[in-house]
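Asks: Sharing a structure here in structure tokens format.
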Amino acid sequence: MVPYIPPDIIDIILEYVDGNAAQLCTCALVCHVWLEASRRRLFQHLRFYQPASYDSFIRHVVHREEMQRWLASARTLMYAGDRDPDNIAIERQFKAKSNRGLCELAGQLPNLHTLALFELDWSEFSHPRAHLALSQFGRIRELLLVDCTFSSLGALRDCITGLTALRNLFLLRIGSEDPVRFLNGIHSRPMLETLAIDFDEDSDSNTFLQWLSQTPTVSSLRRLAITPRHLDLQWEAFTSSITCLDISLNVTNEDFCLAPFTLLESLTIRGGSDKRKNWLQLSTNLRSVSGRLRTLFLSLDIYWYPPPPTSPVSYPEVDDRGLELLEQVLEGTSFASLHTVEFYFRRWQIVTKPLNREQAQRADAHIKDLVCKKLHKPCKRGVHVKIVVHRVPNDYEEDPWEEARCGFGRMPFHAEHLKLRR
């Protein structure tokens, strides 16, 4: 008798290769039962960053009736142009196909909930309302636009209001050909829960925020990410509802006040390098917290110059005085409910020859021990201190998706699997 494996067990097995297209294709060859389960997972996450892969998908899936039923399995879609500046011909070719492609895919992915678009110029579309093809992805809850240009801010507004289920919106380096064409007025959408914006022009950002303050987002917004050059914008309309905030600080906005965020429960601060002035700035901003924080994330860069093999052993250091200032701030009443403090250190090692694994592990362990010793008071009262060390460039790979995520911190949006790998 041929052994029978229940479908739920097959799904558990396929979880181990989820996201690996090559292995899922191999699993699809086992038998007809595995074919169904493997294809469902294979079509869940669609990624296009080469013209050939996009053309193949349109030709072999969208235009073939027997394959169209698998389009209902798609949950995430990512479009990304060729980012190689030396390959302008391919980039232009892909942009042309991308503009056409969104129209071809509109209405074909009924269960899509996450859409990520990189480097699309909507102002180049032949039809002035071609951007409204986005509204055909009716179940999208999460939209990420990076390096995209619209014919006007009104066109961007139309795209957003056309997505009835949209809850999480991420706009990075957004441009507008005609920012004047922006129709004001009260709208019933969107009702966003997560927002991160970074327009090419500050005036565009202010105009967009003014319009957004007239929508239900003003009371529904819970998670907000602010880039350094947008900290001076008019955020007052949204501060009363924010529970999760992610900000990046620099020397030009050291007086950013957190007091208006009265419901704040989770705070992420990216303070740049581990220098005394950055610690002072960090402490100053934390003193203005008025909410009852539960979780605090701090991101800092550490630069380390490892000694030659013949020299005495030395390790990367974290500023002692900076940690002492932080400990004093955390003893304040605003941090009485603090549960977790998580440090995210990016250790930049300036070396001509890569360190071996043992040396890197010893350096990371030294950083963790130093931080725990300096923050003994919060630890004593039950605060959980977690330290993560990310080695750069050893552990770092240029990744446009990670670059786009850099301002989102620990916000719980659901596109972690969308990766761009060359």
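Asks: Using the Karplus curve 6.51 cos²θ - 1.76 cosθ + 1.60 with θ = phi - 60°, work out ³J(HN,Hα) for each residue of region 43-50 in order, rounded to whole Hz, and write x for Gly and Pro.
Replies: 8, 5, 10, 9, 10, 10, 9, 9
Asks: Now for a separate question. For the ranges 54-64, 279-289, what's the packing order if you count other beta-carbon atoms within 10 Å of each residue, average per peptide, and put the highest first?
Replies: 279-289, 54-64
Laboratory data are not the source of any read-out in this text; all were calculated from the coordinates shown. Owing to the predicted nature of the structure, the values given are computational and were not obtained by experimental measurement. Here the Cβ is made from the backbone with ideal geometry for all residues, glycine too, and neighbour counts use every protein chain on show.
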